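Comments concern the structure below.
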Amino acid sequence: MNNPDPRQQTDFHYRLHATDGAARLGEVVTPRGVVRTPAFMPVGTAGTVKGMYPEQVRDLGADILLGNTYHLMLRPGAERVARLGGLHELMRWPHPILTDSGGFQVMSLAGLRKMSEKGVTFRSHIDGAYHELTPERSIEIQGLLGADIQMQLDECVRLPASRDEINRALQLSLRWAERSKRAFEAQPKGRALFGIVQGGDDAELRTQSARGLIDIDFPGYSIGGLAVGEPQAVMLAMLEVVTPILPKDKPRYLMGVGTPDDIIESVARGVDMFDCVMPTRAGRHAQAFTRFGKINLKNARHADDPRPLDAESDCPAARDYSRAYLHHLVRCEEMLGSMLLTWVNLAYYQSLMAGIRAAIAQGRFEAFKAEVKEGWARGDI
Ligand SMILES: CNc1nc2c(CC[C@H]3O[C@@H](OC)[C@H](O)[C@@H]3O)c3nc(N)[nH]c(=O)c3cc2[nH]1
């Protein structure tokens with residue numbers, strides 16, 4: 001599984017099929033398969049989409065998963081994953097995998113961090129061991145994992161932040177983008193490295209970052225430094241600055257986003273790819289995402305409710321299990337509760353993406369957006 005058939009070796013590229021306003025319908029073609037966009041990428045941080053079998057994730061319509069350099073370099077270790085045949089083989093996922101470069105997690109999870117021009121040294125949040133992450137080492141790790149789409153090492157600044165702080169991190173990230181691209185040249189053909197646009201909530205700095213990355217030239221562009229505490233309006237305003245600058249023939253990936261509303265509003269502003277821990281993490285916290293909005297299954301009002309979450313869903317977890325049973329499972333902290341609600345949530349996210357793609361194809365994206373929002377507003381009857 002780790003050596004795709006050479007005859008299918010197709011270089012990484014993006015195909016734009018249709019637009020509806022700024023919303024885009026397309027495909028990201030990789031040697032391991034096609035990613036239909038707009039796409040939601042379930043997060044498989046430590047080599048697993050928590051509580052789900054890979055086949056289940058695939059059956060829900062996911063074309064691509066996300067893995068994480070920071071977690072996998074600490075445990076089980078990148079060299080060990082490579083010895084075991086790479087991440088696709090290890091986690092039995094033969095389809096595309098995108099990995100993040102680890103910088104974001106170092107800043108949010110690791111202890112004793114020391115940032116320099118060279119990279120970042122830190123102590124593992126697991127066993128306190130010292131590690132170093134440089135652009136070169138991050139690319140080496142992502143290559144050992146065998147990721148089809150890789151991220152440059154960058155510095156993501158939490159908001160609110162001063163303009164000087166945002167600019168410093170942006171300039172460092174541009175220099176790391178150059179180094180990441182040079183290190184990436186050693187990898188097999190067909191894989192792609194994305195640059196990551198930074199610039200915080202400052203339109204001028206966002207423009208500088210996007211233009212700087214385009215000068216370096218990447219096959220795809222991530223929009224980073226968002227979904228870090230800023231209001232949705234600020235995130236959307238930055239998308240309106242950045243997406244018109246990015247090349248139309250390359251994919252745009254908004255990192256770490258988001259709620260169903262974040263996603264549909266970001267698609268409307270030209271974003272193609274999304275990842276977020278929301279559906280999986282919420283599933284482990286008794287929250288269900290449905291066409292009627294979010295439902296908290298811990299709430300006692302569900303204790304005697306024989307209805308399923310959504311009788312019209314294609315997902316057995318949403319269609320066949322009563323709210324009373326789901327409420328019982330979460331109250332007893334039974335693992336099946338987390339598994340069923342994770343399944344419900346990923347099914348809802350993928351059905352939302354499928355609906356978005358169909359609506360753009362039919363030129364009715366705005367109408368679809370209004371219908372979906374009306375369903376969430378109606379709430380759970
Ligand atoms: C949640 N908001 C958010 N997440 C973000 C991530 C991590 C996503 C990664 O972190 C993990 O989820 C927390 C997943 O594995 C995902 O791949 C980012 N990563 C990088 N390299 N640069 C960024 O500017 C960035 C911004 C984000 N904003």
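What follows is calculated from the coordinates using simple rules that are stated; it is not laboratory data. Bear in mind that the values here come from a model prediction, so they are computed numbers and not experimental data. Please note: Cβ atoms are built from the backbone with ideal geometry, for glycine as well, and neighbour counts cover all protein chains shown.
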Lys and Arg at +1, Asp and Glu at -1: add these up for the other residues within a Cβ distance under 9 Å of Pro160 and post the number.
-1
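What percent antiparallel are the DSSP beta bridges of the chain, to the nearest 5?
Numbers: 24 of 45 bridges.
Antiparallel: roughly 55 percent of the beta bridges in the chain.
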Mean-square fluctuation check for the chain, GNM, Cα pairs under 10 Å: which of Lys114, Lys248, Lys294 is largest?
Lys114
Rounded to the nearest 10 degrees, the helix 163-184 long axis (Cα) sits at an angle to the longest Cα principal axis of the chain of 80
With just the Cα atoms defining each centre, how far is the stretch 92-126 from the stretch 31-82? Give it in Å.
16
Cα centroid separation - the stretch 162-211 against the stretch 329-369, whole Å
32
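Using helices alone, I'd like the mean residue ellipticity at 222 nm for the chain: each DSSP H run of four-plus residues gives -39500 (n - 2.57), total over residue count, nearest 500.
Numbers: 15 runs with 155 residues, N = 381.
Roughly -12000 deg cm²/dmol at 222 nm, from the helical runs in the chain.
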Give the angle, between 0 and 90 degrees and rounded to the nearest 10, that separates the Cα long axis of helix 335-361 from the longest principal axis of the Cα atoms of the chain.
70
Taking Cα atoms, the helix 203-216 axis meets the longest principal axis of the chain at an angle in degrees (rounded to 10) of 60
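If you put +1 on each Lys and Arg Cβ and -1 on each Asp and Glu Cβ, how big is the dipole of the chain around its Cα centre, in Debye rounded to 20? Could you put the intermediate results ahead of the total?
Numbers: 46 positive and 47 negative charges, 82 e Å.
That gives the chain a dipole magnitude of about 400 debye.
Note down the magnitude of the dipole of the stretch 55-125 about its Cα centre, charges +1 on Lys and Arg C-beta and -1 on Asp and Glu C-beta and zero elsewhere, to the nearest 20 debye.
Details: 9 positive and 7 negative charges, 95 e Å.
Charge dipole, the stretch 55-125, about its Cα centre: 460 debye, nearest 20.
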Can you find, among Ile166, Trp93, Gly128, the residue farthest towards the positive end of the dipole of the chain? Put +1 on the C-beta of Lys and Arg, -1 on that of Asp and Glu.
Gly128
